[in-house]
Every structure is written in C-alpha cells, then in structure tokens.
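Novice: Quick one: this structure, given as structure tokens, is what I'll be asking you about.
Since every read-out is calculated from the coordinates, none of them should be taken as a lab result. Note that this is a predicted model, so its numbers are computed, not measured.
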Amino acid sequence: MSLRRGVVVAHKEMMVAEGIAAALTRYPSVVPVVATTSVDALARLTDRAQAVALDPEIPGAEEAARQLRRDGIRVVFIGGVGDDEGIRVSTGMPVASLASALIPATGRRAPAPLPLTKRQREILALVAQGLAGKQVARHLGISPKTVERHKTKMFARLGVPNQTAAVSLVMTGELQRSRSWIPSST
C-alpha cells in the first residue's frame, strides 16, 4: 500500500491555492491537502502526494509536472494553456471536476451545466482567476459597466449575493439556488 494519498495545490496566488485546497477537502478521497505558490515548495511537499493540482503560470510548472509524473505523481493543470499535453481542468468547471481529475476514483457524477450564458461563464471564469472588473472588461474588450451588468444577471441566475459566492458555487459544484438570499429590488 502506497503512502502517497494526499493532494498538493500549487497556484501562483496563495489565496487561490488555499481556496481550491479548502474546496477539495469536501471529497473524502482527496485528503490531506496542502497549498503552495512555488515549484520549489511543491518539490518538498510531494513526498507523500498522490496528485498535484498545478497552475501552469507558475514559473517552472511544466518541467515540475514532467518530473512529478516520472515520480509517479498524477498532475492536473488548473486552467491555462501550455506546451505540456497533460490533464487540464478549466477554471470555469466546478471543483468536483478537479477532484475527479486528481483522484479518478472519487466517483462523483458530472456536474450540471451552469445556468449562465457563454459571456457570463467567461466573466465568471476570469473573476475566479482573480481578475478585477476593469481587468475582465479589458480582457474581453467590453466596458466595465457591461461587466457589472453581466455579473448582476449572473448573481440572480445563480441565486447568490456577490461574486465571491458565485465563484464559491462554481468551485464547490453546488449550483442550487440559495434559499436564504433574497435579491435586492434596488
């Protein structure tokens, strides 16, 4: 029996790494979970790891992924694009998808599609990556006011009060409407 049973999350932003790690703790087959922001720290943390969720934008990520795979550790890239042909999970997908990619035996069924338009999903994916409204607008070539209108409609469709709650729903895979939140009429 292997001692490797944990998952390490490596993302360039510590808050994002910790958020993903916290969301993954909901899956019994994905424990313990550790978060880091560099490949150097990642190398020190993988001695008992079964899998690594890796941000491809961390310097040295692709080389680290190749080495980890040679060591028998499953590597799943979190979003992004790159030359590496490894497994990738979009940041627009629920954490359940990441959990299944990291530990295929999690047995969770596929998540229900988001009740959002294509543009709303694009905006939510960029917000989940940590971009501010003006950055999202610049990235998509639309006005910040348009981004805010999309976000307002998105919150109503998801039944959440703000973008933190919207990102949380997507990351945890819980897309049911919140019964405790009543939208403002203003």
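Novice: Per the Debye formula with a single identical scatterer at each Cα and no solvent contribution, what log10 I(q)/I(0) holds for the range 1-78 at q = 0.14, 0.19, 0.23 Å⁻¹?
Specialist: So the normalised log intensities are -0.37, -0.69, -1.01.
Novice: Under the rule of at least 5 residues apart or a separate chain, name every residue whose amide H is placed under 5 Å from the amide H of A35.
Specialist: Sorted by chain and number, the residues that satisfy this are V9.
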